[in-house]
Amino acid sequence: MLDEQRSGLVEKLCRKLRSAIYKVRVERFYVLDGPPSPVAYALAHEIRCLTQFSPELGRELTRVKGFKINWKKRFDLAHRCYLSVCDGKAIGYGWVCFGSWFVDLEKPLGFLQKDVAYIYDEITMDGYRGKRLAPARLAYMAADMKGQGYPRSCQLIADDNYPSQRSALTAGYQATSSVVRLHRFALRLRVHQGSPPRKFRLGFSLPTSATRVPIESMATSFKR
């Protein structure tokens, strides 16, 4: 009896250990192949496209995000930040990069077609959600990217992130293929399975460093 209890305890501890080390995350590609849907929103606000970093902008992005990350690195990689502003304050943002898609932000896993942009890190602050600000921003981003020569776009949204799914669908995006990410926290390894729809990608590769794609500057000064 004691041996059985001991064996059961060991098995239970092993299951908990495996659960602590590994985590599976399922995400789905949402793609827009054409113009976005018209989106009405209830709160008057403006959207600014920013392509240059400043310390003041970094502080505002950190306030929206809730913690600090390397914002300057994203701008150095020629990523665009679309900032939602209300009463002079940043209330949300979305990021766009061109020429490659990023499963883990600045770590590229594959390359998109030359007319496809990748959207990531979409966020709207508490207190401003439910007013269709996110889909309105997505529609604005898609229209602006089309003017820059990128009429198609895609983004990755977790299967349990229902608000982001609704925002994407409202803006006209369609759910397509899935990506399965296996995180191994102990060794800090990540295994990715999946890719964008075939007509959106050039191929599937593992480049060793992020690729910067030169784009025409549309720097906009940020003022609170």
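None of the figures in this text is laboratory data; all of them are computed from the coordinates on show. Just so you know, these numbers come straight off a predicted model, no measurement behind them. All Cβ positions, glycine included, derive from the backbone under ideal geometry; neighbour counts span all protein chains shown.
Summary of values
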quantity: For peptides 47-55, 170-178, 134-142, 114-122, sequence by mean Cβ density within 10 Å, most packed first; calculated: 134-142, 114-122, 170-178, 47-55
quantity: Residue order, fewest to most surrounding Cβ atoms within 10 angstrom, among Thr62, Thr124; calculated: Thr62, Thr124
quantity: Residues Lys72, Lys146, sorted so that the one with the fewest Cβ neighbours within 10 Å comes first; calculated: Lys72, Lys146
quantity: Given Lys68/Lys114; Lys89/Lys146; Lys68/Lys89; Lys72/Lys114, the pairs whose alpha carbons are separated by over 21 Å; calculated: Lys68/Lys114; Lys89/Lys146; Lys72/Lys114
quantity: Pairwise FRET efficiency - Leu202 versus Asn70, Cβ, R0 = 41 Å, nearest 0.05; calculated: 0.90
